[in-house]
Amino acid sequence: MSVTTAWEAPAGESRGVVAIAHGAGAGMDHPFLIGFAAALRQAGFTTVRFNFPYVEAGRRMPGPAAHAILTWRAVVESIRAEVPEARIWACGKSYGGRMASMAVAEGLEVDGLVYLGYPLHPPGKPEKSRADHLPAVRVPQLFIEGTNDPFVQPREQLEAAVASCQDARIVWIEGGGHSFEVKGQKRPADEVGASLAPLVAGFIAESAPGRSATG
């Protein structure tokens, strides 16, 4: 089935394309992602938000991982068809980022991966790690994680997983939960999402310095 996408370009020349996938509990129009994408465009990137098939079908729970992986492949292929020379980064909130990592581990080619709250394991179940495939990812990876996120406790488990990868780093958001909410700080979700964009822009600049980018 086809899925909804939102292609949005920056005001000036594009520095590349960031494809953005939603988390398990919300679609591509969640305010967090809208704010995040808008801030990335202000930093000079084209953004492509999209839905997974289960959201298009009106379901609340994700379908098979294979469907999400195929969706990631289709989105990247469509970007390449539209802007063949563009650099492409795959970015996802929680589930969306994990599905991107699985797609790349299975051969999807992108310039880098960004995780906005990687769900390392279900809350309270660190024995059910979702990190076995991460060392197979060869492109640069950025994990942006809240220090109070129950999906990455204990933090040392994620740090060990990241250390097993070829080129990966973590940025910890002090006090942040799974959606980067901080106790005692009431900020709209779009502002929270926007606050993470400079970290992503900096990561992209560091991981691919001096390369031309279009899109």
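Fewest first, what order do S101, S2, S14 take by the number of other Cβ atoms within 10 Å? Arranged by neighbour count, lowest to highest, S101, S2, S14 become S2, S14, S101.
This model, with +1 at the C-beta of Lys and Arg and -1 at the C-beta of Asp and Glu, gives the range 6-123 a dipole about its Cα centre of some 360 debye.
Working from Cα pairs under 8 Å separated by at least six residues, relative contact order for the chain is 24 percent.
Counting every other Cβ atom within 10 Å of each residue's Cβ, R155, R138 order from fewest to most as R138, R155.
Residue order for K93, K125, fewest other beta carbons within 10 angstrom first, comes to K125, K93.
Can you tell me the dipole magnitude for the chain around its Cα centre, using point charges on the Cβ only (Lys, Arg +1; Asp, Glu -1), in Debye to the nearest 20? That gives a dipole near 340 debye.
Other residues with beta-carbon under 13 Å from the beta-carbon of Q157 carry, at +1 per Lys or Arg and -1 per Asp or Glu, a net charge of -2.
Here the simple spin-label model places points 7 Å from the Cα toward Cβ, and for A57 and E159 these points are separated by 4.1 nm. Between A205, A168, A26, the residue with the greatest mean-square fluctuation in the GNM of the chain (Cα pairs under 10 Å linked by springs) is A205.
A short reminder: the numbers here are calculations on the coordinates, not readings from a lab. Just so it is clear, the model here is predicted, and its values are computed rather than measured. Note that each Cβ is placed from the backbone with ideal geometry, even for glycine, and that neighbours are counted across all protein chains shown.
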